[in-house]
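Student: One structure coming up, written as structure tokens, with questions to follow.
The values are calculated or read from the model by the stated rules, or taken from the named source; none is laboratory data. If you're wondering where the values come from, they're calculated on a predicted model, not measured in any experiment. Counting neighbours? That spans all protein chains shown, and the Cβs are built from the backbone with ideal geometry, glycine included.
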Amino acid sequence: MIKKIRISDPVYGRVKPPGSKSITNRALICAALSENTACLTGVLDSEDTRVMLEALRSLGLVVDHNPDLTTVYIEGCGGNFPNKQAEIYVANSGTTARFLTAVLATTKDCSYRIYGKPRMHERPIGDLISALRQLGAEIRTEAENDCPPVLIGKNGKFAGKAQISGEISSQFLSALLMAAPVSQSEVELSVQGELVSKPYIKMTLEVMRAFGTTIEATENSSHFWISDYRYQSSRKSNGHQHGSPKSETSSGTFNYAIEPDASAASYFFAMAAVTGGSVTVDGLSQNSLQGDIQFCRCLEQMGCRVRFDTDSTTVNAPVSLLRGITVDMNAISDTVMTLAVVALFANGPTRVTNVAHIRHKETDRIAALACELRKFGATVTEFEDGLEIVPPKSFPTGEIVIDTYDDHRVAMSFTVAGLRVPDVVIRDPDCVAKTYPDFFDDLEKLCYVE
């Protein structure tokens, strides 16, 4: 299947992307581990979140999902999953695979197998497994290659000290942090090497705090101590803002609201930048739990005008030409592809650095970007940890067919280019279902109003 993108006039309008995938899957884990019933609102309905929900059901949890209302009710199990044996399919969802690997490694007398799509079986998980073994887990990869499928067996006492590498994925550390409180024993974690995507660790800690458990940490996020052994989501909060929970309902059910996805919002901000328009994303402010809201600062460096309001963010087109920048995107690496596409329309080269870890995502994103950007006539120099993009003096004529590599972010990013360059064709556009099934519908509403 293919989708041909239509040239757009300057894009003006408002949009509210679906709930954050990152917050959704963290909240689902914390709700499952809590000792009470939780009601999650604003839940993203996508492949990544559906496989997490199905995994929790396969573990014996009572889960009521109403996708039309983006609402999920979960009866927490306090870390004691009813089903001690299960085959758990995670598709290509890194958060589902990694979070559940750590959580299930705290379970004694169990037999679990976590598996997914072929690409998932190429994505490294060895650093997480090593840390879990240090804490007493009986765990290995089926092919002994440090990639899923993962086999989890009769675990011992989950406790003690562990070192975890921070250089491949922050999801490994997030997984350990969320699993540790149900271990009933003190856990101490230290990060080795540079921790990539640090804002995601802050997000994890904020979601855990909302669900009633706290973690001590050093200021530089290199050392963590977990001695709070319960997710008590019946605790009342001080109100609702930026993803924090509302107070419990009269029935005792705990409510937690999930904010829109900032990574998804980046595509709409980019549309304003490249078409000379103005787009407001509702539900996201500068105080978002998600580090990817800082993508707007990159656009600001390129010349765009950005306005942060209490519950929305607006990007306005630059007053003159977009300009190329050099930027370290380690902390906001899910928006690298969006910025790379914006760079096609900038005056001068753009260089993205310190993102070597995105080679281990749904595809090797640095290599994929280099290949697809060259189809527009750009000169691209690929580095181990990033790339430099020199925009073309003119774009080629005829169809430009974009291969998506079963990667949702490739499809959505290069759609932005199609708003300016004629005859851009996206192969396998349905891959956006991984995180944003309605992306093209929302694009149609925003860009193609008759």
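Student: I'd like the full set of residues that are touching a Lys or Arg at 6+ places or on another chain (Cβ under 6 Å), outside any loop (DSSP other than H, G, I, E, B) and not β-branched (Val, Ile, Thr), limited to region 376-415.
Tutor: Selection gives Glu388, His408.
Student: Of the residues that sit in region 185-214 and are closer than 18 Å to Leu132 by Cα and charged (D, E, K, R), which one is surrounded by the most Cβ atoms within 10 Å (Cβ to Cβ)?
Tutor: Selected residue: Glu188.
Student: Answer yes or no: is there a residue in region 125-140 that is at pLDDT 95 or above, under 25 Å from Cys431 (Cα atoms) and not small (Gly, Ala, Ser).
Tutor: yes
Student: Which ones in region 336-368 are among the hydrophobic types (A, V, I, L, M, F, W, C) and part of a loop (DSSP other than H, G, I, E, B)?
Tutor: Leu344, Phe345, Ala346, Val355
Residue-by-condition table, conditions (1) out of contact with any Pro (no Cβ under 6 Å at 6 or more places or on another chain); (2) at pLDDT 95 or above:
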site	(1), (2)
Arg6	yes, no
Asp9	yes, no
Tyr12	yes, yes
Pro17	no, yes
Lys21	yes, yes
Thr24	yes, yes
Ile29	yes, yes
Val43	yes, yes
Arg50	yes, yes
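Student: So which of Leu40, Leu61, Leu44, Leu100 ends up being at negative phi, assigned to a loop (DSSP other than H, G, I, E, B) and under 18 Å from the mean Cα position of the chain (by Cα)?
Tutor: Step by step, each of Leu40, Leu61, Leu44, Leu100 is checked, and only Leu44 is at negative phi, assigned to a loop (DSSP other than H, G, I, E, B) and under 18 Å from the mean Cα position of the chain (by Cα).
Student: Which of the residues spanning region 416-440 are part of a loop (DSSP other than H, G, I, E, B) and not charged (D, E, K, R)?
Tutor: Passing the criteria: Leu419, Val421, Pro422, Thr435, Tyr436, Pro437.
Student: Pairs under 7 Å by beta carbon, first residue in a helix (DSSP H, G or I) in region 252-267, partner crowded, with 24+ Cβ neighbours inside 10 Å and among the hydrophobic types (A, V, I, L, M, F, W, C), six or more apart or different chains?
Tutor: Pairs that qualify, where the first residue is in a helix (DSSP H, G or I) and the partner is crowded, with 24+ Cβ neighbours inside 10 Å and among the hydrophobic types (A, V, I, L, M, F, W, C), are Ala262/Leu284; Ala262/Ile293; Ala265/Val281; Ala265/Leu284; Ser266/Phe295; Tyr267/Met412; Tyr267/Val416.
Student: So, one more: For region 163-193, what are the residues that are under 25 Å from the mean Cα position of the chain (by Cα), more than 21 Å from Tyr89 (Cβ to Cβ) and among the aliphatic types (A, V, I, L, M)?
Tutor: Ile164, Ile168, Leu173, Leu176, Leu177, Ala180, Val182, Leu189, Val191
Student: Are any residues in region 17-45 among the charged types (D, E, K, R) and under 13 Å from Phe211 (Cα atoms), and if so, which ones?
Tutor: Taking region 17-45 first, the residues among the charged types (D, E, K, R) are 21, 26, 35, 45.
Listed by number, the residues that qualify are Arg26, Glu35.
Student: More than 19 Å from the chain's Cα centre (by Cα), over 18 Å from Ile23 (Cα atoms), buried (at least 18 other Cβ atoms within 10 Å of the Cβ) and modelled with pLDDT under 95: which single residue out of Ala273, Ala317 fits that description?
Tutor: Step by step, each of Ala273, Ala317 is checked, and only Ala317 is more than 19 Å from the chain's Cα centre (by Cα), over 18 Å from Ile23 (Cα atoms), buried (at least 18 other Cβ atoms within 10 Å of the Cβ) and modelled with pLDDT under 95.
Student: Let me ask something additional. Which condition number does Thr106 fail, the rest of (1) hydroxyl-bearing (Ser, Thr, Tyr); (2) more than 25 Å from His408 (Cα to Cα); (3) touching a residue at least 60 places away in the same chain (Cβ under 8 Å); (4) out of contact with any Phe, Trp or Tyr (no Cβ under 9 Å at 6 or more places or on another chain) being met?
Tutor: Only one criterion is unmet by Thr106, namely (4).
Student: Out of region 118-146, which residues are surrounded by 19 or more Cβ atoms within 10 Å (Cβ to Cβ), under 26 Å from the mean Cα position of the chain (by Cα) and part of a loop (DSSP other than H, G, I, E, B)?
Tutor: Arg123, Ile125
Here is a yes/no grid of residues against (1) of a type outside the set (S, T, N, Q); (2) out of contact with any Asp or Glu (no Cβ under 7 Å at 6 or more places or on another chain):
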position	(1), (2)
Gly277	yes, yes
Thr280	no, yes
Ser285	no, no
Cys296	yes, yes
Met302	yes, yes
Val306	yes, no
Thr310	no, yes
Thr314	no, yes
Arg323	yes, yes
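Student: Still on this structure: Of all the strands (runs of 3 or more DSSP E) wholly in region 289-330, which have at least 3 residues that are in contact (Cβ under 8 Å) with a residue 24 or more places away in the chain?
Tutor: Answer list for region 289-330: 312-316, 326-328.
Student: Further, regarding this structure: Every residue in region 300-355 that is of a type in the set (Phe, Trp, Tyr) and within 18 Å of Val380 (Cβ to Cβ), please.
Tutor: Listed by number, the list holds a single entry, Phe345.
Student: Moving to a separate point now. Can we say Gly398 is buried (at least 21 other Cβ atoms within 10 Å of the Cβ) and either under 19 Å from the mean Cα position of the chain (by Cα) or touching a residue at least 12 places away in the same chain (Cβ under 8 Å) (or both)?
Tutor: no
Student: Only one residue in Ala343, Ala411, Ala356, Ala367 is closer than 30 Å to Val319 by Cβ and not basic (Lys, Arg), so which one is that?
Tutor: Result of the check over Ala343, Ala411, Ala356, Ala367: Ala343.
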